[in-house]
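Asks: The structure follows.
The values are calculated or read from the model by the stated rules, or taken from the named source; none is laboratory data. Since the structure is predicted, the reported quantities are computational estimates derived from the model, not experimental observations. As a convention, Cβ positions derive from the backbone with ideal geometry for all residues, glycine included, and neighbour counts pool all protein chains shown. For the accessible areas, the whole protein counts, side chains as well, though only heavy atoms, and no ligand, DNA or RNA atoms are used. Shrake-Rupley method; radii C 1.70, N 1.55, O 1.52, S 1.80 Å.
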Protein chains: 2
Amino acid sequence: MKDIKLYPVGKIESPITTPLEAPRQGQEAHIQGKIIINPEYVKAIKGLRPGDYIWVLCWFHLAKRDVLEVYPRMARERGLTGVFTSRSHSRPNPIGLELVKILKIEKNTIWVEGLDAVNGTPVLDIKLFFPQIDCPRNR
Amino acid sequence: MKDIKLYPVGKIESPITTPLEAPRQGQEAHIQGKIIINPEYVKAIKGLRPGDYIWVLCWFHLAKRDVLEVYPRMARERGLTGVFTSRSHSRPNPIGLELVKILKIEKNTIWVEGLDAVNGTPVLDIKLFFPQIDCPRNR
């Protein structure tokens, strides 16, 4: 299979400027920021509303891709584990998965709460959250 | 910014052979299948256990990348919306996001329940599910 090529559809504007400042998955601080959608993809956000929760898939451009094992911060009792057992940014394909809440939308800018990515992080995709498929208790 | 290159870390083995058969997000039928991890990434699944819920990020290789608007099946009341307001496979970067439950793990094979992807779909990433960051009610 050939390599898979992705293109940023936008980028994150965030007060976080280095990975060390990141609150790890946005849960410790309700970091607010913006998603700026590239003009050619603005049609794709039609229908999103303030109050919606969305998955933001981003590209952790500063992450290492050759790390396979970590001590997962959110599952310390598991000890040294594979990166797939963690939410570490470092992994073979460092795609970030962040659940954020929409505060406001204006043209190609989405104000959100719950960010975990550094300023300038490329955005790959956005998906509306649906509890019936995204929470185990509802399945 | 340069193109982003991804590499499959494995693939899905599933009874679903065409997109039309797919149960849409795996919620209607508890489709069982396997994730076969490429040998060079087996270390990355260390620590995963039966009963764990994991996010499987896959590459919808059959999806269209030039579709920006759809009638979202799970949010019909929104009418014609942007693909980012949907879970349509077709989108600029067709990355799939599927929550599945691990049934069994043996060497580089993970048996899972809740699949929505066709047989042979490349897997890009796996992330352990954490309710404290992945469900709005816990944030």
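Asks: Can you quote the Å³ per residue value for the convex hull of the Cα atoms in the protein assembly as shown, rounded to an integer?
Replies: Here the figure is 121 Å³ per residue.
Asks: Taking all protein chains together and a probe of 1.4 Å, list A:His89, B:His30 from the most accessible to the least accessible.
Replies: If we order A:His89, B:His30 from most to least accessible, we get B:His30, A:His89.
Asks: First measure r as the distance between the Cβ atoms of B:Gln132 and B:Leu20, then evaluate 1/(1 + (r/R0)^6) with R0 = 41 Å and state the FRET efficiency to the nearest 0.05.
Replies: Result of the calculation: an efficiency of 0.65.
Asks: Accessible area, 1.4 Å probe, largest first: how do A:Val67, A:Val123 sort?
Replies: So the residues, ranked largest to smallest area, are A:Val67, A:Val123.
Asks: Would you please classify the overall shape of segment A:44-102 from the alpha carbon gyration tensor, given that a ≥ b ≥ c denote the square roots of the eigenvalues, rounded means a/c under 1.5, and beyond that prolate means a/b larger than b/c while oblate covers the rest?
Replies: Oblate.
Asks: Additional query: Could you identify the residue of A sitting closest to the A-B rotation axis by Cβ and state that distance rounded to whole angstrom?
Replies: A:Cys135, 3
Asks: If you count only protein heavy atoms and use a 1.4 Å probe, how large is the accessible surface of A:Asp66, to the nearest 10 Å²?
Replies: 130 Å²
Asks: Apply the Karplus curve 6.51 cos²θ - 1.76 cosθ + 1.60, θ = phi - 60°, to the phi angles in segment B:82-87 and return the couplings in whole Hz, x for Gly and Pro.
Replies: Karplus-based 3J(HN,Hα) across segment B:82-87 equals x, 4, 6, 9, 10, 10 Hz.
Asks: While we're here: Where the only charges are on Cβ atoms (+1 Lys, Arg; -1 Asp, Glu), what is the dipole of segment B:10-130 about its Cα centre, to the nearest 20 debye?
Replies: In debye, rounded to 20, segment B:10-130 gives about 200.
Asks: Additional query: Can you run phi through the Karplus equation (6.51, -1.76, 1.60; θ = phi - 60°) for segment B:37-43 and list ³J(HN,Hα) in whole Hz, with x for Gly and Pro?
Replies: Working through the residues one at a time gives 8, 4, x, 5, 10, 4, 4 Hz.
Asks: What nm distance separates the two modelled labels at B:Lys64 and A:Thr109, each placed 7 Å from Cα along Cα→Cβ?
Replies: 3.3 nm
Asks: Right, another one. What number results when the radius of gyration of segment B:19-128, computed over Cα atoms, is divided by 2.2 N^0.38 Å?
Replies: Compared with the compact-globule rule of thumb, segment B:19-128 sits at 1.13.
Asks: Got a sec? Which residues in segment A:110-125 would a label at B:Ala75 touch, if it sits 7 Å along Cα→Cβ and we count backbone N under 20 Å?
Replies: A:110-116, A:123-125
Asks: Ignoring ligands and nucleic acids, what accessible area does A:Tyr7 show with a 1.4 Å probe (Å², nearest 10)?
Replies: So the heavy atoms of A:Tyr7 present about 90 Å² to solvent.
Asks: Using a Gaussian network model of chain B with C-alpha springs under 10 Å, which one of B:Ile12, B:Ile35, B:Ile54 is most mobile by mean-square fluctuation?
Replies: Of B:Ile12, B:Ile35, B:Ile54, the Gaussian network model singles out B:Ile54 as fluctuating most.
Asks: Next question. Which order do B:Arg91, B:Arg65 take when ranked by solvent-accessible area (1.4 Å probe, heavy atoms of all protein chains), largest first?
Replies: B:Arg65, B:Arg91
Asks: Moving to a separate point now. Straight-line reach only, C-alpha to C-alpha below 24 angstrom: list the lysines that B:Lys46 could link to, leaving out same-chain residues fewer than 8 apart.
Replies: The reachable lysines, counting only those whose Cα sits under 24 Å from B:Lys46, are A:Lys64, B:Lys11, B:Lys34, B:Lys101, B:Lys104, B:Lys107, B:Lys127.
Asks: Along segment B:114-119, what does the Karplus equation 6.51 cos²θ - 1.76 cosθ + 1.60 (θ = phi - 60°) give for ³J(HN,Hα), rounded to whole Hz, x for Gly and Pro?
Replies: Going residue by residue, I get x, 6, 9, 9, 6, 3 Hz, with x marking Gly and Pro.
Asks: In nm to one decimal, list the spacings between the B:Ile36 label point and its equivalents in the other copies, with label points set 7 Å along Cα to Cβ, shortest first.
Replies: In nanometres, ordered from closest: 4.5.
Asks: Return the long-range amide H neighbours of B:Arg91 (sequence gap of 5 or more, or a different chain), with a cut-off of under 5 Å between placed amide H atoms.
Replies: B:Lys64, B:Val67
Asks: A follow-up question, please. What does the charge dipole of the protein assembly as shown about its Cα centre add up to, to the nearest 20 debye, if the Cβ of each Lys and Arg holds +1 and the Cβ of each Asp and Glu holds -1?
Replies: The dipole magnitude comes to about 80 debye.
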